1. Would you please name the residue that is surrounded by the most Cβ atoms within 10 Å (Cβ to Cβ), looking only at residues in segment 127-176 that are closer than 17 Å to Leu243 by Cβ and of a type in the set (Gly, Ala, Ser)?
2. Do we find that Val193 is surrounded by 23 or more Cβ atoms within 10 Å (Cβ to Cβ), of a type in the set (A, V, I, L, M, F, W, C) and without any contact (Cβ under 8 Å) to a residue 60 or more places away in the chain in this structure?
3. Which of (1) in contact with a helix residue (DSSP H, G or I) (Cβ under 7 Å, 6 or more places away or on another chain); (2) β-branched (Val, Ile, Thr); (3) part of a helix (DSSP H, G or I) is the odd one out, the single condition Ile62 does not satisfy?
4. Can Glu248 be described as under 30 Å from Leu117 (Cβ atoms), surrounded by fewer than 16 Cβ atoms within 10 Å (Cβ to Cβ), without any contact (Cβ under 8 Å) to a residue 60 or more places away in the chain and of a type outside the set (Phe, Trp, Tyr)?
5. In segment 335-347, which residues are surrounded by fewer than 17 Cβ atoms within 10 Å (Cβ to Cβ) and within 25 Å of Ala422 (Cα to Cα)?
6. Among the residues of segment 242-276, count how many are among the aliphatic types (A, V, I, L, M) and outside any strand (DSSP E or B).
Amino acid sequence: MAYDYDLFVIGAGSGGLAASKRAASYGAKVAIAENDLVGGTCVIRGCVPKKLMVYASHFPAIFKEAQGYGWKVGDTSLDWEHFITSIDKEVRRLSQLHISFLEKAGVELISGKGKILDPHTVEVGDKKYTADKILIAVGGRPVKPDMPGFAEYGITSNEIFHLKEKPKHIAIIGAGYIGTEFACIMRGLGCEVTQITRGQKILKGFDEDVRDNIEAGMKNHGINLIRNNIVKQVEKNGNGLKLTLSDENLAPLNADVFLIAAGRAPNVENLGLENAGVNLIQGSIEGPGYSTMNAIAVNEYSQTSQENIYAVGDVTDRINLTPVAIGEGRAFADSEFGNNRRVFSHEDVATAVFSTPEAATVGLTEEQAKGKYGDNVKIFKTSFRPMYYTLPGADERTMMKLIVDSNTDKVLGAHMVGDDAAEIIQGIAIAVKMGATKKDFDATVGIHPSAAEEFVTMR
């Protein structure tokens, strides 16, 4: 049978864009459907605008620290409208840039939401398109627990980039990447910040030293952490909001913005998956008010239960990171159109938390390593005040940690909390991915003076 396209992609986010362009480079006839700005969560309402906010949040500290170096810094203020408008302009510029990349690659962009009608047919609006292969790359969305007042008064990471004015006090629920990062961003921008977590610590799944050091830095910067609590109810209270907590001994919180950063769920609804026999895998976000979360089940080649339908990125139950979605998309295209069948590796994926202090990590945590290797795990750790903060006299710390298998000397994991952690760990990740040993690290000459040299001088 002749199809309209060799590949039809639903969703023009990171994974869909990468897959469509790579497939087209092999000569495939490709179309991609998108009902929003091209670029997906990362470009539109995720890592790109968030990182711009991170940069902005650092300036008050920089102004203060500059005085320690003899700079006379006068009155400073943030033009919020200019700030938010500038971010939006950059997002739209990048979206247009991605459209031009599609055009150059020869990928046809179709505006609208794609719905699968059968294993080879996708409907967009009132038109139907057939394809040999279909790729689902629709990403995920923020979750709002079904609790009183959450729907009416809570915002998510989708809306925080469009606040018309800077909050005086922002309350945040959630202890993952998003909640922690925005707590630090908003505090850096001068807001009073309260972060409410269901557990005892933030950033579940990260190395314990990473969690402890980030929390210490956040408290040092004036962020109020309320642990082992949930928000039971949100009500309008004059010009602001009243948040009732589960701990009856704690007085209700008053805030003018309530950010819900309670996890994300795959966008599997209204895709017509049932029309093509695409199976889902069930999961859930623990806690009151959360419903069951479904993701598309895939094999190591991103293939669904329907042999000619594939899925990549956050719509699956794998690692929800932009570079991972891109890697999965390219591996799919190489395998199906490039005569290079390969599996994208989800091992030793480096990641960063753009909190203040910043954190980055690659490989196993200490807990994971000891669970796998027992007493054969050796830990190397250092903590220090970076040279930059000596003249300002600021109480800022950096922590670095290596986890080593003492039997093989192989570095199993590397973790850092402190300035430029992401930039430093990116290089370290190459070594870990290649199977470098502690002896290899020791034999590497450090760059002095730098914070990064500590990774090759720990004994």
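1. Ala171
2. Yes, satisfied.
3. (1)
4. Spelling it out, it is not the case that Glu248 is under 30 Å from Leu117 (Cβ atoms), surrounded by fewer than 16 Cβ atoms within 10 Å (Cβ to Cβ), without any contact (Cβ under 8 Å) to a residue 60 or more places away in the chain and of a type outside the set (Phe, Trp, Tyr).
5. Across segment 335-347, the qualifying residues are Ser345, His346, Glu347.
6. 8
Residues checked against (1) in contact with an Asp or Glu (Cβ under 6 Å, 6 or more places away or on another chain); (2) over 30 Å from Lys115 (Cβ atoms); (3) crowded, with 20+ Cβ neighbours inside 10 Å:
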{"site": "Ala333", "(1), (2), (3)": "no, no, yes"}
{"site": "Thr351", "(1), (2), (3)": "no, yes, no"}
{"site": "Thr361", "(1), (2), (3)": "no, yes, yes"}
{"site": "Ser383", "(1), (2), (3)": "no, yes, no"}
{"site": "Lys410", "(1), (2), (3)": "no, yes, no"}
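Residues checked against (1) assigned to a loop (DSSP other than H, G, I, E, B); (2) within 23 Å of Val349 (Cβ to Cβ); (3) free of Cβ contacts under 8 Å to residues at least 40 places away in the same chain:
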| residue | (1), (2), (3) |
| --- | --- |
| Glu396 | yes, no, no |
| Leu412 | no, yes, no |
| Ile428 | no, yes, no |
| Lys439 | no, no, yes |
| Gly446 | yes, no, yes |
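The values are calculated or read from the model by the stated rules, or taken from the named source; none is laboratory data. It should be emphasised that the depicted structure is a prediction, and the values quoted were computed from it without experimental measurement. No Cβ is skipped: glycine too gets one built from the backbone with ideal geometry, and neighbour counts run over all protein chains shown.
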